[in-house]
1. If you scan segment 147-191, which residues turn out to be at pLDDT below 90, under 25 Å from SER102 (Cβ atoms) and assigned to a loop (DSSP other than H, G, I, E, B)?
2. Taking only segment 112-124 into account, find how many residues are surrounded by fewer than 17 Cβ atoms within 10 Å (Cβ to Cβ) and part of a strand (DSSP E or B).
3. Do you know which residues across segment 132-146 are without any contact (Cβ under 8 Å) to a residue 24 or more places away in the chain and either crowded, with 17+ Cβ neighbours inside 10 Å or closer than 18 Å to SER102 by Cβ (or both)?
4. Quick check on segment 82-105: of everything there that is touching a Ser or Thr at 6+ places or on another chain (Cβ under 7 Å) and in a strand (DSSP E or B), which residue is farthest from VAL48 (Cα to Cα)?
5. If I ask for residues that are closer than 17 Å to ASN202 by Cα and in a strand (DSSP E or B), which ones from segment 53-81 would you list?
6. Residue by residue through segment 136-146, note down the ones that are at pLDDT below 95 and outside any strand (DSSP E or B).
7. Considering only residues that are more than 29 Å from the chain's Cα centre (by Cα) and of a type in the set (S, T, N, Q), look in segment 182-210 and name the one that is surrounded by the most Cβ atoms within 10 Å (Cβ to Cβ).
Amino acid sequence: MGKGKVRTLLMSCVMMLLCAAMIVGGTFALWSDSAKVENHLTAGTLKVKLERISLTKTYLDNDTGYLVTTVPDTSIVDFTDTNTANANVFGIDNEEKVVPCSKYEATLRLTNNGDVAFSYDVIIQLTSASNALAEQLKIYVDGEDKGTLDEYVADGKAIIATQTMAKNDAAKEFTVKVEFINDDSVNNDAQSKEVKFDLLVNAVQKTTAN
């Protein structure tokens, strides 16, 4: 076979290979594909609503100096509202003084206004130094004697055992009462004393029903 024929044959083979490569490349591009999934995640909220639904007071009337007892005040006060968050749960103003036999009884309602179940503790915490007045203020929860205020030191003390609220649970109510004991042997020691304490609700997400 002559050199010219060999050269022609080789060129033909090269052209065939180039055409085949172009065909394969074109076919691959036509069969390409893609898929897209848009994802989004929204975090749930843990939101506790605390309201006072009843208040009864036996307090010292500033005008007469006598103890008087109010009828239950059933107006609702929402302590999670920014306008009332710092209100006194027992409705005590700065001019009001406590004396032996003073009593303050508040019924509170706790509601799950969020998306998740939670467990909670209700805590009373003495935020001022303990003194003779704190030693004479008795704490009751739902009628159960929980000791005197001086026992509720700065690190806090749960006054209701841990409770659980699922998202759809009905609101739970509890009554907290503070009473100035009547004891002639110690009452005079509390004169002119002052104490400060907080009532706290600590809630933590609960992930299982058990």
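The values are calculated or read from the model by the stated rules, or taken from the named source; none is laboratory data. Since the model is a prediction, treat every value here as computed from it, not as a measurement. Glycine gets a Cβ as well: all are built from the backbone with ideal geometry, and neighbour counts include every protein chain shown.
1. TYR152, VAL153, ALA154, GLY156
2. Count: 1.
3. Residues of segment 132-146 without any contact (Cβ under 8 Å) to a residue 24 or more places away in the chain: 144-146.
Matches in segment 132-146: ASP145, LYS146.
4. Out of the qualifying residues, it is LYS103.
5. Here is the first cut: in segment 53-81, the residues closer than 17 Å to ASN202 by Cα are 78-81.
The one that is closer than 17 Å to ASN202 by Cα and in a strand (DSSP E or B): ASP78.
6. Answer for segment 136-146, where residues must be at pLDDT below 95 and outside any strand (DSSP E or B): ASP142, GLY143.
7. By that ranking, first place goes to ASN187.
Residues checked against (1) at positive phi; (2) of a type in the set (Lys, Arg); (3) more than 14 Å from the chain's Cα centre (by Cα):
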site	(1), (2), (3)
PHE118	no, no, no
GLN125	no, no, yes
ASP142	yes, no, yes
THR148	no, no, yes
TYR152	no, no, yes
THR162	no, no, no
ALA166	no, no, no
GLU173	no, no, yes
